[in-house]
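What follows is one structure encoded as structure tokens, with my remarks underneath.
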Amino acid sequence: MDGTINPINREFLREFLREEIFNKNNEIIKLYRDDVLQGAIIEDYDINLIWPKPESRFHWIEIIKNNPNYDKCIMAYENKLKGKRDKIWLKKYHDLYYSLKNEGYSNKYFPITGIDMGNGTIYRLDGTHRCSCLHDLGYKNIRVLIFKLEDIMNLFENINNKFEEFILSEYPDYQEFRGKIEPKTKERYGNLINITRKYHRKGIMSDIGCNAGYFCSLLSDEDNCQKVYGIDISELDIEAAKILTKKNSNNPDKIEFCLGHAHHYPEVIKRCDVVFFLRSIYHLGIGAKKVLEMMNVGTRVIIECNRGQRKKIPNPEVIVPTIGKRLALVDNLVPFLENNNFEINDILFNVDDVVIATKIK
């Protein structure tokens, strides 16, 4: 999605999961044949997306091409066979090549299979021999069967655990979990919930700039909370939030995470009764005004400031109620909200100033 940060490196992820997936290759195919696992058949798939031209196979393909007669092929290259690449292996490879050459790549062959790791990165489950033959025979597009990584993880706990290990080791630890279920910032978040409770007693809520989702977990545990949306532009944070929410929240089914800028989710913003910005509104730029405009009359905002931004602002004592870093300071935030049709309900202090306001028109 445009404008997002901290993308998952899908190629690194594929290599990180390779061993775990490889050990389940045959089981995955069997689950598909048994109608337990669903996959998508694509008839005209770019062969290079599932396996780029295989340099390591050129030698064997040349051997097979130059020796249409299998017995002569064995006589010429027997001394090159070793390990799993024995006479039986070469015979199967030889038969496959000439079957494809003479009969074509028909539906009699089970489709070459892969797992979509996201953003077009594919882990190839099987089809190494077929792909190398098809490359040589000039095929550009082939019939494939593609599974979703999420569906695989739902069926194999070890693959899911390995995925979680990858995400939690890669995401920027803004909330300072440092390998623990509860972050270092637990006290700050918990106290904020307590001092503002009368302003979020019930309804649908969102946390804009949710990071790894811990505050969403706290909100979901509130008695009258119906639903919580966590919105963030960091892909790694959103994936970490999904994982940590399962560990932190007693009500993970109440939480939904959205990747991208908040103003790209007007349908979510309009559903919310309460919207939290925890040291985040000043990061939104023009998006801050857009999000406020999307809210229904009666929607309440609870905004935690960040006094630490004062040193980054030229002439911080001058009040300029405009978008940008100045919204990190309560003196600028209050008139900004009032200029955008909000009434100030309260100003509290947690670790930083907290402004509570309601949209009035």
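Remind me, relative contact order of the chain in percent, using alpha carbon pairs under 8 angstrom and six or more residues apart? For the chain, the relative contact order is 14 percent. For region 10-157, count all C-alpha to C-alpha pairs, find those more than 18 Å apart, and express that count as a whole percent of the total. Counting pairs separated by more than 18 Å, the tail of P(r) holds 60 percent. Net charge dipole, region 186-359: roughly 100 debye, given to the nearest 20, about the Cα centre with Cβ charges of +1 for Lys and Arg and -1 for Asp and Glu. Taking every C-alpha pair closer than 8 Å and separated by at least 6 residues, the mean separation divided by the residue count of region 10-157 gives a relative contact order of 40 percent. Phi angles of region 259-264 translate, via the Karplus equation with coefficients 6.51, -1.76, 1.60 and θ = phi - 60°, into HN-Hα couplings of 8, x, 6, 4, 6, 8 Hz per residue; Gly and Pro are given as x. Rounded to the nearest 500, the helix-only mean residue ellipticity at 222 nm of the chain stands at -11500 deg cm²/dmol, with each DSSP H run of n ≥ 4 adding -39,500 (n - 2.57). Per residue, the convex hull spanned by the Cα atoms of the chain amounts to 173 cubic angstrom. Against the chain, whose longest principal axis comes from its Cα atoms, helix 235-248 is set at around 80 degrees. Against the chain, whose longest principal axis comes from its Cα atoms, helix 10-22 is set at around 60 degrees.
The residue 137 and residue 70 beta-carbon pair, evaluated with R₀ = 22 Å, returns a calculated FRET efficiency of approximately 0.75. What's the FRET efficiency of residue 338 with residue 224 using the Cβ-Cβ distance as r and R₀ = 25 Å, to the nearest 0.05? E(calc), rounded to 0.05, equals 0.30.
In region 153-225, taking the dipole from charged Cβ atoms about the Cα centre, the farthest positive-side position among 208, 154, 191 is held by 191. Roughly what percent of Cα-Cα pairs across region 186-359 reach past 22 Å? Considering region 186-359, 39 percent of its Cα-Cα pairs are separated by more than 22 Å.
Each value in this text was obtained by applying a stated rule to the coordinates, not by laboratory testing. Quantities reported herein were computed from a predicted structural model and do not represent experimental measurements. Every residue, glycine as well, gets a Cβ built from its backbone with ideal geometry; the counts of neighbours run over all protein chains shown.
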